[in-house]
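Notes follow the structure.
Just so it is clear, none of the values below were taken in a lab; they were calculated from the coordinates. For clarity, every value in this text was computed on a predicted model and none was experimentally measured. Backbone-built Cβ (ideal geometry, glycine too); neighbour counts: all protein chains shown.
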Amino acid sequence: MGPRLAPTGRRLPEPAILDGVTGRELDRAAWQQLRTLSKENAEGVAQHLVMVTIRLEEEDLPAAMAHAETAVRRGGRVPAVREAMGLVAYRGGDWSRALAEFRTARRLSGSPHLLPLMVDCERGLGRFERALELASSPDRDGLTAAERAELAIVVSGVRRDLGQVDAAVLGLEPLVAGPVKAWSARLFYAYADALLARGERERAREWFVRAMDADTDLTTDAGDRVDELDGVVFADSWDTERWGEPDVDTGRTSETEDPA
């Protein structure tokens, strides 16, 4: 009768794809990587990668993880797939898993662009010296200007964790002196944070203001940090404990007694 085929196991259910998500939303580089898969599988993996991005933007980490795990099951040898899994783990603070996925993605692609995130994972694990060693590896020579700026931000944070506040400031000074770029808001913010850690409140405030001005996408809370340094405190204008809940239609309180 011939040998029996071993059962392949039950296929796990896949998370649903939103209407209108085709997978074509991926950038060209990611699509090039998916060419190693069959056409049908590539389209499915692409849809799940897009869903990872959508769910991360919604801060729905469990849903993002479900789509990332599905993509890994279907295309685990694709660098973009392992990077997506790493990003979900990174956002969730699972530094060990994120680092492992980023290492796999780097090995598969040969690209150094994940170096800043890998260094930050080492920082998250409390391995500060290893983080600095990794940050100074030859891979840094292959980073773009934006990626080098991100690496400098992470290294500055590591220096602060080690109590090397002067080094945290000095490492960013050459970068903040240049023209404003797309990544300048985060760079200015990190520089302001380092200055504040060194006790330079006025200079820190100045750079938080610069970060706020450069942050057109509202990626930082620079405005809140300025208010904090200025001693500004925002409070609700309606004291519900004293006045009760306001009536939506009349604006009067829900209490029958005169609040006075």
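Hey, fewest Cβ within 10 Å first, where do Asp224, Asp139, Asp19 land in order?
Fewest-to-most Cβ neighbours within 10 Å comes out as Asp19, Asp224, Asp139.
Place the peptides 185-194, 115-124, 55-64, 35-44 in order of packing, highest mean first, counting for every residue the other Cβ atoms within 10 Å and averaging per peptide.
Descending mean neighbour count gives 185-194, 115-124, 55-64, 35-44.
For Val232, Val176, what's the fewest-to-most ordering of other Cβ within 10 Å of each Cβ?
Fewest to most other Cβ atoms nearby, the residues stand as Val232, Val176.
How high is the relative contact order of the chain, given as a whole-number percent (alpha carbon pairs under 8 Å, six or more residues apart)?
8
What do you get for the angle between helix 79-91 and the principal long axis of the chain? Use alpha-carbon atoms, 0 to 90 degrees, nearest ten.
Its long axis makes an angle of about 30 degrees.
Pairing the Cα long axis of helix 184-197 with the longest principal axis of the chain, what angle in degrees results, from 0 to 90 and rounded to the nearest 10?
With rounding to tens, the tilt is 60 degrees.
On a 0 to 90 degree scale, rounded to 10, what angle separates helix 115-124 from the longest Cα axis of the chain?
60
Starting from the Kirkwood Rh over alpha-carbon pairs, what translational D in µm² s⁻¹ does the chain have by Stokes-Einstein at 25 °C and 0.890 mPa s?
The diffusion coefficient I find is 112 µm²/s.
What number, rounded to the nearest 500 deg cm²/dmol, is the helix-based mean residue ellipticity at 222 nm of the chain, given -39500 (n - 2.57) per DSSP H run of at least four residues and division by all its residues?
Mean residue ellipticity, 222 nm, calculated: -18000 deg cm²/dmol.
Neighbouring Cβ atoms within 10 Å as the yardstick, rank Leu229, Leu195 fewest first.
In order of increasing Cβ crowding within 10 Å: Leu229, Leu195.
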